[in-house]
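Here the structure comes first, spelled out in structure tokens, and everything after it is commentary.
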Amino acid sequence: MRRVLLVMTAVFVISLFAAGAFAEDFKLSIPLPLTGKQAKFGEMMKRSYEMAAEEINAKGGIKKKKIVLYFEDSGAKPETARAIVEKLIDVNKQPVIVGEYTSACAKAVAAVAEERKTPYLIVASADDDITRQHYKYVFRQNAVNAHYGDGVVDFLRRVVKPKTIAILYESSAFGTSGAEAMVKDAEKLGTRVLMKERYEAGSVDFRPLLSKVKAARPDVVYMVSYVMDASLLMKQIKELRVDAKLFAGGAAGFAIPEFIANAKDAAEYVISATLWTPQVKFPGAREFAEKYKKHYGDYPSYHGASAYSALYVLKNALDRAKTWTPDKIRDALKATNMKTVFGPIKFEDREGYQNQNFMDTLVIQVQKGAFETIWPAQYASKKYIYPIPSWRERR
Amino acid sequence: MTSAQLEVLLQTLIAGVLLGGLYALIGIGMTLIMGVMKIINLAHGELMMVAMYIAYLLFSLFHLDPYLSVFIAAPLLFLLGMAIQKFLINPVLKVESILPENQVILTVGLGMVLANLATIIFTSDYLSTPVDYATKAWYLSDFWRSSPIELSLSYPWSVSFLIAVVITLCLGFFLTKTDLGKSIRATAQDSEAALLMGVNVDRMRVITFGLGSGLVGAAGCLLIPIYYLYPDLGGQFTLIAFVITILGGLGSTVGAIIGGVVLGVFESLTATYIGMGWAPVGRFVIFVAALIFLPGGIASLLQRKRFGR
Amino acid sequence: MKRYLPLMVLMLLVLLPLAGLSTYAMHILILVIMWSVIGMAWNLLGGYCGQVSFGHAAFFGVGAYTSGILYQKLGISAWWGIPLSIIVVAAFALVIGFICLRLRGPFFALATLAVGVILRVSAENLTGLTQGDLGIMIRTRTWVGKTWYFYIILALAAVTFFLVRKTIDSKLGYYFVAIREDQDAAESLGIPATLYKSIALCISGVLTGMAGAFYMNYMGYIDPKVVFALHDISIVTIMVVMVGGAATYWGPIIGSVIMVLLAELIRSIPVLGVAYQTLFGILLIVIIIFLPNGIAGDWPKLKRLFGLRGAS
């Protein structure tokens, strides 16, 4: 027993020193959820960071320094995420923080980063509030949740012109703020919200909810679901033959490859908001998506693309920063204006947000079992299919 | 009541009954384990997760239908459960300790290990077995053309419901009619008396835990075609199993299935008429109510009837 | 010597921030102390009185939300949540006790588990009061440094430690243990078991709730899934006590060192990757098989084990 303990301590101590052996490297530790319910996205982002680091190193690194990535599992727990970041700032003296995923953890990290005056680049946490706190050191590269649905709303306005809408959303910060944003947008469109219903994420049976939707006969069913609830919803919609002019999803669960893999033909014609697609015409996007697919078997969703380009944003800022102190890096990040696979990135103060990157959100549609970009027109890979056939006609 | 309202009500009831079957199946293994040993097994859902990964592997490697993989996954889980009881739980149960609940740590630790191993082996990706009958259903309008309302009955959900009933009946038969089953019941009622009567209580516990695990394994195989799979899915199903166990009555198989249907219908009605966000509250309110007002669960109601008291 | 051990430990801890520890170390220390508070509180009810609760997240969450709602809805400093949570949580504890305490053993455990879940889902749904899943965020926390947070939670821990000790040494403590050992026998001796169980639940709940209110102030962000978590709060609480040693004064403290500090150390071993959870799970299993009464509870056994090793 004592020997085991001794070995463990030794391993721990050695690992601490090992991390300090190569003074020439730029060591970057990234907190991510690698266990627990959110681990899937943590894993996808980890792979994407690794791909980006490899490419940057192959081209000479950042100011001739090699990036060495370490990943720390926060398990989507705010206390742990905070512990990691306290360690990075205080013990590792890391001048900049990148990472985390859930909004709860990002909020915990953002508060520490601001207090300790260390820049923090948020990659995929969507909760609106994070960049509305007048933080100076917190930057966000992905769109705020309130804007996730912009593309879909535009599509509704120009093409569908719905009179009524039903909103179903999961019980989480992401679902709640997505649903709230859609309620506001519907008001602007002159669309009546027939129902706005929350459900517990991970539910098995949505039929009671869906039979209510069916009876309400909305023109559009808009659903905000983080992960696989999306596919269960569509499968059960198909089974109950709930017909609507359009089924729309609010990113996340509707925009990951598993959605089609699980829902199969029930996913057909469903549109979804997304921040990025493999077909999008940003330089390097296609290459990144294909390379990811070659290694891991499937296309990445926008989470991966955002993580991948985050390292390039960081490289860009570090290249411009005279010295790598938190304040200089912060100023460099603030001045960022570059094109990435995730789209053009610029951190602006507007609409009550600070250091927020604003981007066009896209609309994808499942056509013949694959995601196609359909809106806005300049990004479209295929023309949208609308109106969609009823479930009865599809057999 | 308009026909649209009627349709919603009937569809809700159908959904509730089918959901109940699934719940019963998930809970039946736990009711057996808890009935015999009075232990709180927090790794129940993780055991189901293991069975689901087995079913997934069989499907993706050999294209074996998940329903058929019951015959492989359940026996494997039976062995796993026996091993867990024999090497981990029995030693802890035997030692005197201040709080008998210390086995909780054991099952939590076990659940952590199982979920983490699944993450390491399969990554955290969401997996599924896309079978073509996943969204198949029978429709009322197919049988009755001029029906004013439309109802649907899911094919895979009905199958799991039927299998749940069959398993319940078989298990009930096993427990009441075979010697082994009688010994298990004797252990459940009074383990010390059973020991005096020559029942090998340790062995009965090992078999019970194996059976319970095998049953939840079967539940996993029936769940995977209609759900999906990832390493961390166990927790919420463990909770459902607790509710079924208490609502049905410890150790009662018939109680579990009736309890499952009652819970399923109650939850579905809550979802339709109050809001789906409140459905889990409904679930646990009924659970606390059963604990307090119906200590023996539904099984005690059945018993009272049977003896005419 | 042994009598003064708690005071010596306290003095040591009071002086500790002067050593110039990193904020990371301070953060972990604060978490360790916070978990000892929750563990000691749970121990009073579970370890001494024998009522194993699976729902201490209910008290933790109510305490945290008391603080959060004060800040969010009334614009009052969240620190007032700590004193106010005494009243709010006590009221909750009385209701929960009224419902659950008529049950025994595993049934009480399951009822409290259900209460925890009911409160979480209610907090998610009562958006007018709690902001639901969006959670409550404090815009600027009171201090950037850790020292004051450390002293506040340390003070709470010291109060808890001595309160638990005083309670257990008093008549109340004897009643608690009598109820744990045999409730029927205790009742036949004229001990009103339900009353004393309610007292234990109330004290235990209030202390846990104060820790929750501290959490709100310290972390600056709460949402229902974080503070009403079944696994991350309720079950970790049980593990803190049982790994350390139920019904011992030092058990919860040792337990929280293991569950927080050791868990963090194991988590940070880079070679393990995510497999650290397997290692930690196995560690828990090994502890409970070899030390069924926890580390403090089986201290003599441990000493013997290591003593023998030393001799051979």
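The values are calculated or read from the model by the stated rules, or taken from the named source; none is laboratory data. Since the model is a prediction, treat every value here as computed from it, not as a measurement. No Cβ is skipped: glycine too gets one built from the backbone with ideal geometry, and neighbour counts run over all protein chains shown. Heads up: the accessible areas ignore ligands, DNA and RNA and are worked out on the full protein's heavy atoms, side chains in. Shrake-Rupley method; radii C 1.70, N 1.55, O 1.52, S 1.80 Å.
Could you report the buried accessible area between C and B, both sides summed, computed with a 1.4 Å probe and given in Å² to the nearest 100? Write down the numbers at each step before the final one.
Details: alone 15620 and 15540 Å², together 27430 Å².
In total, chains C and B hide about 3700 Å² from solvent.
What does the net charge come to around A:Y312 if you take all other residues with beta carbon closer than 12 Å to its beta carbon, with K and R at +1 and D and E at -1? Intermediate values should be presented prior to the final figure.
Numbers: positive: A:K59, A:K315, A:K339; negative: A:E55, A:D319.
Surrounding charge for A:Y312 is +1.
If Lys and Arg each add +1 and Asp and Glu each add -1, what is the summed charge of the other residues whose beta carbon sits under 12 Å from the beta carbon of A:T80?
Values: positive: A:K77, A:R82, A:K87, C:R267; negative: A:E72, A:D73, A:E79, A:E86, A:E100, C:D232, C:E264.
Around A:T80, the charge tally is -3.
How large is ³J(HN,Hα), in whole Hz, for each residue of the range A:76-88 in order, when computed from phi with the Karplus curve 6.51 cos²θ - 1.76 cosθ + 1.60 and θ = phi - 60°, using x for Gly and Pro?
Per-residue couplings from phi come out as 6, 9, x, 4, 5, 4, 5, 4, 4, 5, 4, 5, 4 Hz.
Can you pull the mean other chain C-beta count within 10 Å for peptide A:382-390? Present the calculation step by step, with values, prior to reporting the outcome.
On the way: counts 0, 0, 0, 0, 0, 0, 0, 0, 0.
Mean shielding by partner chains, rounded to a whole number: 0.
Which far-off residues, 5 or more places away or on another chain, put their amide H under 5 Å from the one on B:A137, with H placed in the peptide plane?
Those qualifying (amide H under 5 Å, at least 5 residues apart or on another chain) are B:Y155.
With an 8 Å Cα cut-off and a minimum separation of 6 or more residues, compute the relative contact order for chain C in percent.
Details: 475 pairs, mean separation 95.4, N = 312.
Relative CO of chain C lands at 31 percent.
If I compute solvent accessible area with a 1.4 Å probe over the protein chains, what percent of it on chain C is carbon and sulfur?
Answer for chain C: carbon and sulfur cover 72 percent of the accessible area.
At a Förster radius of 51 Å, what calculated FRET efficiency corresponds to the Cβ-Cβ distance of B:K177 and C:A275, to the nearest 0.05? Mind dumping the intermediate values first?
Working: r = 46 Å, r/R0 = 0.91.
Efficiency, rounded to the nearest 0.05: 0.65.
Hey, if you put +1 on the Cβ of every Lys and Arg and -1 on every Asp and Glu Cβ in chain C, which of C:I96, C:F306, C:A186 ends up farthest toward the positive end of that dipole?
C:F306
Note every residue of the range A:160-176 with a reduction of at least 30 square angstrom in accessible area, all protein chains present versus the isolated chain, computed with a 1.4 Å probe, or write none.
Residues passing the criterion (a loss of at least 30 Å², heavy atoms only) are A:S171, A:A173, A:T176.
How large is the direction-averaged shadow of the alpha-carbon convex hull of chain A, in nm²?
20.6 nm²
Could you list which residues have their amide H under 5 Å from that of A:G202, counting only those 5 or more apart in sequence or on another chain, with H placed in the peptide plane?
Those lying under 5 Å, H to H, from A:G202 are A:D229.
Can you bin the range C:2-229 into rounded, prolate or oblate? Criterion: square roots of the alpha carbon gyration tensor eigenvalues sorted a ≥ b ≥ c, rounded for a/c under 1.5, prolate for a/b above b/c, oblate for the rest. Don't skip to the answer; put the middle values down first.
Numbers: a/c = 2.43, a/b = 1.23, b/c = 1.98.
Oblate, since a/c reaches 1.5 and b/c is not below a/b.
Which whole-Hz couplings ³J(HN,Hα) result when phi for each residue of the range B:27-40 is put into the Karplus expression 6.51 cos²θ - 1.76 cosθ + 1.60, θ = phi - 60°, listed in order with x for Gly and Pro?
Per-residue couplings from phi come out as x, 5, x, 6, 4, 5, 5, 5, x, 7, 10, 6, 9, 9 Hz.
Taking a cut-off of 22 Å between Cα atoms, list the lysines near C:K146, but don't count ones fewer than 8 places away on the same chain.
Partners found: A:K77, A:K87, A:K93, A:K107, A:K117, A:K136.
How shielded is C:127-140 by partner chains, expressed as the average number of their Cβ atoms within 10 Å of its Cβ atoms? Write down the numbers at each step before the final one.
Details: counts 4, 0, 0, 0, 2, 7, 15, 10, 8, 0, 10, 1, 6, 5.
Partner Cβ neighbours, averaged per residue: 5.
Using a 1.4 Å probe and counting only protein heavy atoms, how much accessible surface gets buried when A and B come together, both sides summed, in Å² to the nearest 100?
Values: alone 17760 and 15540 Å², together 29800 Å².
The summed interface area works out to 3500 Å².
For the range A:258-327 and the range C:244-259, what is the separation of their C-alpha centers, rounded to whole Å?
46 Å
Amide H neighbours of A:S29 under 5 Å, at least 5 residues apart or on other chains, H built in the peptide plane: list them.
Under 5 Å from the amide H of A:S29: A:Y70.
Packing-wise, with mean Cβ within 10 Å as the measure, how do A:371-382, C:185-196, A:98-109 rank, highest first? Please list the in-between numbers first.
Values: A:371-382: 18.1, C:185-196: 13.7, A:98-109: 27.9.
Averaged packing, sorted descending, gives the order A:98-109, A:371-382, C:185-196.
Can you compute 3J(HN,Hα) from phi for each residue in the range B:82-90, using the Karplus curve 6.51 cos²θ - 1.76 cosθ + 1.60 with θ = phi - 60°, rounded to whole Hz and x for Gly and Pro?
4, 5, 4, 5, 5, 9, 10, 7, 3
With every protein chain kept in the model, how would you rank C:F54, C:F98 by accessible area, 1.4 Å probe, largest at the top?
C:F98, C:F54
Ordering A:R217, B:R304 by accessible area with a probe of 1.4 Å, largest first, what comes out?
Values: A:R217 180, B:R304 130 Å².
These residues rank, largest area first, as A:R217, B:R304.
Taking the Cβ of A:V159 as the centre, find all other residues whose Cβ is under 13 Å away and add up their charges (Lys, Arg: +1; Asp, Glu: -1). If you can, show how the numbers build up before the last one.
Working: positive: A:R157, A:R158, A:K161, A:K245, A:K383; negative: A:D154, A:D219.
Net of charged neighbours comes to +3.
What's the ranking of C:228-236, C:57-65, C:142-150, B:41-49 by average number of surrounding C-beta atoms within 10 Å, highest first?
Result, highest mean first: C:57-65, B:41-49, C:228-236, C:142-150.
Averaged over peptide B:38-51, how many Cβ atoms belonging to another chain are found within 10 Å of each residue's Cβ?
On the way: counts 3, 1, 7, 0, 6, 0, 0, 0, 0, 0, 0, 0, 0, 0.
The shielding value for this peptide is 1.
Rank C:Y24, C:G173, C:A211 by how far each Cα sits towards the positive end of the charge dipole of the range C:2-229 (+1 on Lys, Arg Cβ; -1 on Asp, Glu Cβ) and give me just the farthest.
It is C:Y24.
For chain A, which whole percent of the accessible surface, found with a 1.4 angstrom probe, sits on carbon and sulfur atoms?
Details: 7760 of 14210 Å².
Of all accessible area on chain A, carbon and sulfur atoms account for 55 percent.
Normalised by the residues of chain A, what does the relative contact order come to in percent, with Cα pairs under 8 Å and at least six apart? Before the final figure, lay out each step's value.
Details: 782 pairs, mean separation 63.7, N = 395.
Once divided by the residue count of chain A, the mean separation gives 16 percent.
On full extension of the chain, what length is gained from A:K293 through A:K382, given 0.36 nm per residue of separation minus the C-alpha to C-alpha distance? Write out the running numbers ahead of the final one.
Working: separation 89, 0.36 × 89 = 32.04 nm, distance 2.11 nm.
Length difference between fully extended and current span is 29.9 nm.
Would you kindly work out the equivalent ellipsoid of the range A:333-395 from its C-alpha gyration tensor and give its semi-axes, the square roots of five times the eigenvalues, largest first in whole Å?
Numbers: eigenvalues 255, 34, 15 Å².
Each semi-axis is the square root of five times an eigenvalue, giving 36, 13, 9 Å.
Provide the three semi-axes, in whole Å and in decreasing order, of the ellipsoid equivalent to the range A:144-298 as defined by the square roots of 5 times the Cα gyration tensor eigenvalues. Don't jump to the answer; show the numbers that get you there.
Numbers: eigenvalues 130, 71, 39 Å².
Those come to 25, 19, 14 Å.
Please give, to one decimal in nm, the separation of the simple spin-label points placed at A:K339 and A:K161, each 7 Å out from Cα toward the Cβ.
Distance between the two pseudo-spin positions: 3.7 nm.
Which residues in the range A:352-395 place their backbone N less than 19 Å from a point set 7 Å from the Cα of B:D142 along the Cα-to-Cβ direction?
Flagged as within label range: A:390-395.
Cα gyration tensor of the protein assembly as shown, axes a ≥ b ≥ c as square roots of the eigenvalues: rounded (a/c below 1.5), prolate (a/b > b/c) or oblate? Write down the numbers at each step before the final one.
Values: a/c = 1.62, a/b = 1.09, b/c = 1.48.
Oblate is the answer for the protein assembly as shown, as a/c is 1.5 or above yet b/c matches or exceeds a/b.
What accessible surface, in Å², does a 1.4 Å probe find on B:S183, ignoring ligands, DNA and RNA and rounding to the nearest 10?
Accessible area, nearest 10 Å²: 30 Å².
Sorted by accessible area (1.4 Å probe), largest first, how do A:M359, C:M11 line up? Present the calculation step by step, with values, prior to reporting the outcome.
Values: A:M359 35, C:M11 110 Å².
Highest to lowest solvent-accessible surface, that is C:M11, A:M359.
Give me the accessible area buried between chains A and C, both sides summed, with a 1.4 Å probe, in Å² rounded to the nearest 100. Could the numbers behind the result be given before it?
Details: alone 17760 and 15620 Å², together 29660 Å².
By this definition, chains A and C bury close to 3700 Å².
Pop the C-beta distance of C:R102 and C:S122 into the FRET formula with R0 = 25 Å and round what comes out to the nearest 0.05.
On the way: r = 22 Å, r/R0 = 0.89.
Given R0 = 25 Å and the Cβ-Cβ separation, E is 0.65.
Using a probe radius of 1.4 Å on heavy atoms only, what accessible surface per residue do you get for the range A:170-329? Whole Å² is fine. Could you put the intermediate results ahead of the total?
Values: 4880 Å² over 160 residues.
Ligands and nucleic acids excluded, the figure is 30 Å² per residue.
Could you provide, to the nearest whole Å², the per residue accessible area of the range C:2-229 with probe 1.4 Å?
Values: 8460 Å² over 228 residues.
Heavy-atom SASA per residue in the range C:2-229 reads 37 Å².
Run the numbers on the range C:1-43: which residues show a drop of 50 Å² or more in accessible area, chain on its own versus all protein chains together, using a 1.4 Å probe over heavy atoms?
C:T23, C:Y24, C:H27
Give the shape of the range C:173-312 as rounded, prolate or oblate, defined through the alpha-carbon gyration tensor: a ≥ b ≥ c are the square roots of its eigenvalues, a/c under 1.5 means rounded, and otherwise the shape is prolate if a/b is larger than b/c and oblate if not.
It comes out oblate by the Cα gyration axes.
Which FRET efficiency value, to the nearest 0.05, is calculated for B:Q303 and C:L15 with the Förster distance at 51 angstrom and r the Cβ-Cβ distance?
Efficiency at R0 = 51 Å is approximately 0.20.
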